[in-house]
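J.: Attaching a single structure in structure tokens format; questions to follow.
The values are calculated or read from the model by the stated rules, or taken from the named source; none is laboratory data. Remember, predicted model here, so these are calculated numbers, not experimental data. Here the Cβ positions follow ideal geometry from the backbone for every residue, glycine too, while neighbour counts run over all protein chains shown. These area figures cover heavy atoms from the full protein model, side chains too; ligands, DNA and RNA do not enter into them. Shrake-Rupley method; radii C 1.70, N 1.55, O 1.52, S 1.80 Å.
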Amino acid sequence: MDLDMRYYASKILAPVPGFAANTVLVPQVVEPFLDGLADTHPPSPDVAAVLDKAKAGNYNAPEQAGSTPDDELTLSFIRGLDALSKNQLPQAEAWFQRTLKGADDFLGAAFYLGAAHAAAGRDKEAIGAWQMALLSDNPAAVYPVLVDALLRTGDGRQALDVLEEAPDAWPNDN
């Protein structure tokens, strides 16, 4: 029996490790998102100090509510980062969704919502969030995790398309 392979969709299967949230919680990834949030939703001086600590990887946010809506957005986002760093995925998702609801112009929350989905093993949901986050101020952080998620779901064609779209997102060929 001779099968005509032209009629079968090709899949690229690559060994891609599971998503590790700690890869997106490093200062070089988090800082541009925090800067973008502060630019569009300026925090008060007290919350700006919490924001500065978050840029260095300290995601502890005070329990009390922010004094302004912008403060509350900043604190919600940082609380989401804290929950993600502790692998408290439902809580992280809730904080990032709350941030998106209050600031639909801040796509850093979509990026980290995608990270929470991926950490929970829900790559298809992560892909959707990360595709939206490509429009953020930090798309270079989005491309690598998006490609990995596409490969984990077996969508090699789309992964190749994304690779072609953003060759500068990877500092070296590896």
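J.: Taking region 72-127, which residues are among the basic types (Lys, Arg) and within 18 Å of Asp148 (Cβ to Cβ)?
T.: Matches in region 72-127: Arg122, Lys124.
J.: Can you tell me how many residues within region 98-111 are under 20 Å from Asp161 (Cβ atoms) and open to solvent by 40 Å² or more (accessible area, probe 1.4 Å)?
T.: Total satisfying the criteria: 0.
J.: Check region 112-127 and report whether any residue there is modelled with pLDDT of 95 or more, open to solvent by 10 Å² or more (accessible area, probe 1.4 Å) and closer than 20 Å to Gly36 by Cα.
T.: Yes, some residue in region 112-127 is modelled with pLDDT of 95 or more, open to solvent by 10 Å² or more (accessible area, probe 1.4 Å) and closer than 20 Å to Gly36 by Cα.
J.: Out of region 39-59, which residues are among the hydrophobic types (A, V, I, L, M, F, W, C) and either under 13 Å from Leu107 (Cα atoms) or touching a Gly at 6+ places or on another chain (Cβ under 8 Å) (or both)?
T.: Across region 39-59, the qualifying residue is only Val47.
J.: With respect to Ala9, is the statement that it is modelled with pLDDT under 90, loosely packed, with under 11 Cβ neighbours inside 10 Å and more than 20 Å from the chain's Cα centre (by Cα) true?
T.: It is true that Ala9 is modelled with pLDDT under 90, loosely packed, with under 11 Cβ neighbours inside 10 Å and more than 20 Å from the chain's Cα centre (by Cα).
J.: Okay, next question. Which residues, taken from region 137-161, are β-branched (Val, Ile, Thr), more than 21 Å from Leu37 (Cβ to Cβ) and buried (at least 21 other Cβ atoms within 10 Å of the Cβ)?
T.: Val147
J.: Out of all the residues in region 134-147, is one or more out of contact with any Gly (no Cβ under 8 Å at 6 or more places or on another chain), among the charged types (D, E, K, R) and at negative phi?
T.: Scanning region 134-147, I find no residue that is out of contact with any Gly (no Cβ under 8 Å at 6 or more places or on another chain), among the charged types (D, E, K, R) and at negative phi, so the answer is no.
J.: Is it true that Ser85 is of a type in the set (Gly, Ala, Ser) and either touching a Cys at 6+ places or on another chain (Cβ under 8 Å) or modelled with pLDDT of 90 or more (or both)?
T.: So Ser85 passes the test.
J.: Here is a list: Asp71, Asp35, Asp39, Asp46. Which entry is surrounded by fewer than 17 Cβ atoms within 10 Å (Cβ to Cβ) and more than 20 Å from Met132 (Cα to Cα)?
T.: Asp46
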